[in-house]
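*Asks:* Attaching a single structure in structure tokens format; questions to follow.
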Amino acid sequence: MKRHLLALLTLWTAVTAGATANDSLQAAIIDSLQGMLYEMKANELLLQSVLAEKDQEQRADSIKHQQIRHRIDSLRRVTKGVPLVFDRDTILYIYASKGGQSAEFRIHVLKQKMEKIGKSLGLTSDSIYIFESEHSSDIMYGEVVLMQLSDLDGLWSGTTRQELAQQNLDIITRQIARMQAEYGLTAKLRGLGWAVLLVVAQIVLFFLTRRFIAHLRKKIVGGLNGRLKPVVIRGYEFLNIRQWKKILLFLTRMLQVVLIVLQLIISLPLLFSIFPETESFTWRLLGYVWDPLRDMFLAFVNYFPSLVKICVILFVVNWLLRVVRHFADEISNGNIKMEGFYADWAHPTYQIVRIFAIAFSLIVIWPLLPGSDSGIFKGVSIFVAALFSLGSTTTIGNLISGLIITYMRPFLVGDFVRIGDSEGIVVEKNAFITRLRDIKDNIITVPNNSILSMQTVNYTAAARHQQGSIVHSDFTFTYKVPRATIEQYLLEAASRCTLLQEQPKPFVLVTALEDFYSRYQINAYTMETHRLFEVYSELHKNILDVFREHDLEPTSSHFVSVKESK
């Protein structure tokens, strides 16, 4: 405007100075000057109006800015910003939202971008810079916007957005450089070298462990140069050298497993801790080992008083059972004799006392067991008890029958008996069954429950308590043969038997007088009750031979004499 005014004044001066200018030209110039002057006044008024509005706006903005600052100062005392955390270290805060994005979302996006850039294999520090725009200061990585800062962010931080952008730029640059040093190519190569070295070291340790265990096993197989001695307790060889070697070889194998597991527990966490990406697995692996051990230790400490009580109970019951077992052995061996108490009762009685002692111990120990008051423990206990009661009816019956048979003593091991239709020598008698071996060496198993309901004949008992067991056999002859002759021949046949006793002497009984023949019974004593089949066979052979020698045959209504048929 001033330039236009100066031009018009210069023109006016030139016109007034010219001698040849006419009046019309002067009038035109004067009109033009007046128009321009009016225009200038109008523009001046407009400019003053605009300046007044701008001044008013600036004052309003300043007041609003002061109001916002005052509110932010009051809110900053109670409002916690959203932190940006790396490795448990807070590097900066964001308080305000921007463009519909909350502070939490802005922090999340910034952290993702920084991690992506910091963990990349290539980065230059010059790639991060600040780009200033009219309404924001942008922290850039190449063409990627890492963080946008507005005036509101500056107010929350108590500074301008430009200063805040520079501060955050320095913080972000240092953090990315730190991450690059930890995750970059150089770190990867260095970690790979350490990993290879650790794997090689672990392989060497495996090899040395195997060599060490092989050396130990070789020493054990060789008897440790004669240092292995058998363990003898009261004359009984509890552990011989061969058993010692088996135990020690098993322990060396367990030692090898333990050493390898310990090496893996140490080496695997170290291997995972080399690289930051897998470092979290280190604590997880250590937790797999440490957490159970810690829980076990705490549980053991809490359970220790109850464990002491259980140990005391078991110790007392064990020693009481040892005392009872000692007396049972002495009674069974005949060193201690008790009137009315047989030696074969000793061990069954000990077993009964042992069962009751164990049952009493379980009743006392049961409440002290860990988890005994839990619902699962009670449910399993009820299930086992029901299963036992439903499935053990026959077993309990055989057990009770076995106890009755033991104290009734109808037979002993080694006796020749007949149980029902089975005959044989008793080879085994326990709480549930009795086993017989017949003449053909077949093993016959008889449940104890059925023995009580069947007739039992003990041939050996008579021989053991009397002069022998009587064997007998029946024969029939016609009335034509004199009685004295038949008795003489039967006694002669009995005298030829080597398995029969001479004293008491054999004797003959006439057991029946039938319509066509009389029945005779030869009786003789024998101590060979376990060979009754041989005794009867020998007796019958001799009877047939004697009667054949005297041309006499046993007969009945079903047989016809050979002599008469000729």
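The values are calculated or read from the model by the stated rules, or taken from the named source; none is laboratory data. It should be emphasised that the depicted structure is a prediction, and the values quoted were computed from it without experimental measurement. To get the accessible areas, we keep the full protein, side chains included, count just its heavy atoms, and leave off ligands, DNA and RNA. Shrake-Rupley method; radii C 1.70, N 1.55, O 1.52, S 1.80 Å.
*Asks:* Is there a pair in Lys218/Lys245; Lys80/Lys116; Lys80/Lys111 whose C-alpha atoms are over 20 Å apart, and which pairs would that be? Walk me through the numbers before you get to the answer.
*Replies:* Values: Lys218/Lys245 11 Å; Lys80/Lys116 27 Å; Lys80/Lys111 18 Å.
Pairs exceeding 20 Å: Lys80/Lys116.
*Asks:* With θ taken as phi - 60° and the coefficients 6.51, -1.76 and 1.60, list the Karplus ³J(HN,Hα) couplings across the range 110-120 in order, rounded to whole Hz; mark glycine and proline as x.
*Replies:* 4, 5, 4, 5, 5, 5, 4, 6, x, 8, 6
*Asks:* Could you order Phe533, Phe275 so the one with the most accessible surface comes first? Probe is 1.4 Å. Display every interim value, and only then the final one.
*Replies:* Values: Phe533 75, Phe275 50 Å².
Heavy-atom accessible area, descending, gives Phe533, Phe275.
*Asks:* With 10 Å bins from zero, work out the P(r) of the range 246-368 over every alpha carbon pair and list the percent per bin.
*Replies:* Calculated over all Cα pairs of the range 246-368, the distribution is 11, 19, 18, 21, 14, 10, 5, 2, 0 percent.
*Asks:* If DNA, RNA and ligands are ignored and the probe is 1.4 Å, what is the ranking of Ser495, Ser518 by accessible area, most exposed first? Numbers along the way, then the final one.
*Replies:* Working: Ser495 85, Ser518 5 Å².
Sorted descending by solvent-accessible area, the residues read Ser495, Ser518.
*Asks:* A follow-up question, please. Tyr183 accessible area, nearest 10 Å², 1.4 Å probe?
*Replies:* Accessible area, nearest 10 Å²: 30 Å².
*Asks:* Show log10 I(q)/I(0) for the range 405-516 at q = 0.16, 0.17, 0.20 Å⁻¹, two decimals, from a solvent-free Debye sum over equal Cα scatterers.
*Replies:* Results for the range 405-516 at q = 0.16, 0.17, 0.20 Å⁻¹ read -0.85, -0.90, -1.03.
*Asks:* Whose amide H sits under 5 Å from the amide H of Ile336, counting only residues 5 or more places off or on another chain, with H placed in the peptide plane?
*Replies:* Placed amide hydrogens put Ile331 under 5 Å from Ile336.
*Asks:* Could you report the accessible area of Lys246 in Å², rounded to 10, computed with a 1.4 Å probe on the protein chains as they sit in the structure?
*Replies:* 120 Å²
*Asks:* If ligands, DNA and RNA are left out, what is the accessible area of Val82 with a 1.4 Å probe, given in Å² to the nearest 10?
*Replies:* Number for this one is 30 Å².
*Asks:* Once neighbouring chains are kept in place and the probe is 1.4 Å, which whole percent of the accessible area of the range 94-158 is contributed by carbon and sulfur?
*Replies:* Details: 1830 of 3540 Å².
That share works out to 52 percent.
*Asks:* Let me ask you something else. With θ set to phi - 60° and the Karplus curve 6.51 cos²θ - 1.76 cosθ + 1.60, what are the ³J(HN,Hα) couplings of the range 420-430 in order, to the nearest whole Hz, using x for Gly and Pro?
*Replies:* So the Karplus estimates, Gly and Pro as x, are x, 9, 9, 10, x, 8, 6, 9, 7, 9, 10 Hz.
*Asks:* Residue by residue through the range 290-300, what is 3J(HN,Hα) from phi via Karplus (6.51 cos²θ - 1.76 cosθ + 1.60, θ = phi - 60°)? Round to whole Hz and write x for glycine and proline.
*Replies:* 6, 4, x, 5, 5, 5, 5, 5, 5, 5, 5
*Asks:* Quick one: which residues, 5+ away or cross-chain, put their amide H under 5 Å from the amide H of Phe86? H built at 1.01 Å from N.
*Replies:* Ile91
*Asks:* A further question follows. Hey, if we sort Trp283, Trp244, Trp194, Trp366 by accessible area with the 1.4 Å probe, largest down, what's the order? Write out the running numbers ahead of the final one.
*Replies:* Values: Trp283 180, Trp244 70, Trp194 145, Trp366 110 Å².
Correct descending sequence by accessible area is Trp283, Trp194, Trp366, Trp244.
*Asks:* Can you list the residues, at least 5 places off or on another chain, whose amide H is less than 5 Å from the amide H of Tyr520, using H built in the peptide plane?
*Replies:* Residues meeting the amide H criterion: Phe475, Thr476, Phe477, Thr511.
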